[in-house]
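Following: one structure in structure tokens, then a few remarks.
The values are calculated or read from the model by the stated rules, or taken from the named source; none is laboratory data. Values in this document were obtained by computation on a predicted structure and should not be read as measured data. Here the Cβ is made from the backbone with ideal geometry for all residues, glycine too, and neighbour counts use every protein chain on show. Side chains are part of the model used for accessible areas, which takes the heavy atoms of the whole protein and leaves out ligands, DNA and RNA. Shrake-Rupley method; radii C 1.70, N 1.55, O 1.52, S 1.80 Å.
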Amino acid sequence: MTSDSDQMQTDRQAGEWHGPELDALGWTAALHTAAQDVLKAAAPDVQPDLLPARVAGVGRGSFRLWTAQGEEGALLAGVMRQDPDSQPVMGDWVVAQRLLDSPDLRVTAVLPRHTTFARAVHGGLSRQVITANVDTVLIVTAPDADFDLPRLGRYVAAVHASGAQPALLLNKTDLTRDPQPFLAQLRSLAPGVSVYALNARTGEGLGDVRGALRPGVTAALIGSSGVGKSTLTNALLGRDAAQTGAVMPDGLGRHTTTARTLYRVPGGGLLVDNPGLRDIAVWDPEGVATELDVIEQIAADCRYRKCTHTGEPGCAVRRAVQRGQISAGQLEAYHALKGTAAPTRRNSRPPRR
């Protein structure tokens, strides 16, 4: 049995597992407990080389990690490269190993996520995780043609489903003489959800938003194109984050429009700059269940009770695709989720000679 003194010694050997540096990145007691479980399961000779880190950048096969010692490059352990579902995403907390023969760390485990933000793919029937451990999602709109209460309501519901807390931002308040009617609609749409009025270009109202980004809190932006998310990002960071900086050895720029990046906000807090969060179909597990139910209901009218929906005569599901009731992408995702064969495509047959 490991004594408390032995565990404390292991902590010291394993690197910096406590302290303000990690706390500022969002480190919690729950993460520490999970990390200690990983540490205990590691071989004794490996334990001194392990340390916690947060994913701050994702490239092709490489990662940028924040540790208590600063920013470092990392690669995946071999077993993790073989399983896409086990690979970290931007915002994840991981356990990494420091190697003697490489300047890069090696990611060996992903710690449990307290929130999972994903976008819907394949017609909304499956998801792609793009960011983890986001505490607050800032939903940005403007008092113009973008102002769409039903869509904003779906965003709020989807953010709640991810485990994060939503906040509604009315940007570009200079576009209207009186923003109060817009703000009143936002407050009635989501009672209890914070609502902010601001003009990111001039800085008006920016202090209220910045005040919500406390040390250790991670925020992300979503909203339609043209509502001023990039301007807001630059204003919160106090610099032009949209400009491409020096390219790192792993091929990741300091900022590009395609690389997911986690930034520190001056005064505290973290901000996700993620192209995938700007204009996406937000993943909603309840919505997926509804779509699956729709397909199952349609399948009840198939001619054969065990119809696979891959080409049998009298298949109601294939007929629904032809009629536009459901999309081909939704059916493909349904097959993937059910583990059944993908629909046979006509153009997959070999050409006649």
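Observations on the structure shown:
- Every listed requirement among (1) open to solvent by less than 20 Å² (accessible area, probe 1.4 Å); (2) out of contact with any helix residue (DSSP H, G or I) (no Cβ under 9 Å at 6 or more places or on another chain); (3) within 30 Å of THR28 (Cβ to Cβ) is met by ALA212 save one, (1).
- Here GLY153 fulfils each of the conditions (1) free of Cβ contacts under 8 Å to residues at least 60 places away in the same chain; (2) open to solvent by 50 Å² or more (accessible area, probe 1.4 Å) apart from (2).
- Verdict on VAL129 being within 24 Å of ARG264 (Cα to Cα) and modelled with pLDDT under 90: yes
Residue-by-condition table, conditions (1) farther than 25 Å from GLY19 by Cβ; (2) modelled with pLDDT under 95; (3) not small (Gly, Ala, Ser):
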residue: VAL46; (1), (2), (3): no, yes, yes
residue: PRO52; (1), (2), (3): no, no, yes
residue: ARG81; (1), (2), (3): yes, yes, yes
residue: ASP85; (1), (2), (3): yes, yes, yes
residue: TRP93; (1), (2), (3): no, no, yes
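- In this structure, GLY228 qualifies as in contact with a strand residue (DSSP E or B) (Cβ under 8 Å, 6 or more places away or on another chain) and open to solvent by less than 20 Å² (accessible area, probe 1.4 Å).
- Pair list, Cβ under 6 Å, 6 or more apart: region 293-321 residue aliphatic (A, V, I, L, M), other residue part of a loop (DSSP other than H, G, I, E, B): ALA316/ASP301; ALA316/CYS302; VAL317/HIS309; ALA320/ILE326
- Of the listed requirements (1) in a loop (DSSP other than H, G, I, E, B); (2) at pLDDT below 80, HIS309 misses just one: (2).
- Of ARG113, ARG98, all but one fail to be among the basic types (Lys, Arg) and within 21 Å of THR261 (Cα to Cα); the exception is ARG113.
- Every pair of residues 6+ apart whose Cβ atoms lie under 9 Å, when the first sits in region 13-26 and is within 23 Å of ASP49 (Cβ to Cβ) and at pLDDT below 80 while the second is polar (S, T, N, Q) and open to solvent by 40 Å² or more (accessible area, probe 1.4 Å): GLY15/GLN69; GLU16/GLN69
- Note on region 75-97: among residues that are of a type in the set (Val, Ile, Thr) and under 20 Å from the mean Cα position of the chain (by Cα), the one that is nearest to LEU25 (Cα to Cα) is VAL94.
- The one condition in (1) among the small types (Gly, Ala, Ser); (2) over 19 Å from the mean Cα position of the chain (by Cα); (3) assigned to a loop (DSSP other than H, G, I, E, B) that GLY61 fails to fulfil: (2)
- Among the conditions (1) touching a residue at least 60 places away in the same chain (Cβ under 8 Å); (2) under 16 Å from the mean Cα position of the chain (by Cα); (3) surrounded by 20 or more Cβ atoms within 10 Å (Cβ to Cβ), the only one that ALA161 does not satisfy is (3).
- THR108 vs. criteria among the β-branched types (Val, Ile, Thr), over 17 Å from the mean Cα position of the chain (by Cα), surrounded by fewer than 21 Cβ atoms within 10 Å (Cβ to Cβ) and closer than 27 Å to GLY26 by Cα: yes
- Close Cβ contacts (under 6 Å, 6 or more residues apart or on different chains) running from residues in region 75-92 that are closer than 11 Å to VAL110 by Cα to residues that are in a helix (DSSP H, G or I) and of a type in the set (Gly, Ala, Ser) comprise MET80/SER86.
- Residues within region 147-202 that are out of contact with any Pro (no Cβ under 9 Å at 6 or more places or on another chain), closer than 29 Å to GLN128 by Cα and in a strand (DSSP E or B), tallied: 6
- Residues in region 312-339 that are surrounded by 13 or more Cβ atoms within 10 Å (Cβ to Cβ) and over 18 Å from ARG127 (Cα atoms): GLU312, CYS315, ALA316, VAL317, ARG318, ARG319, ALA320, VAL321, GLN325.
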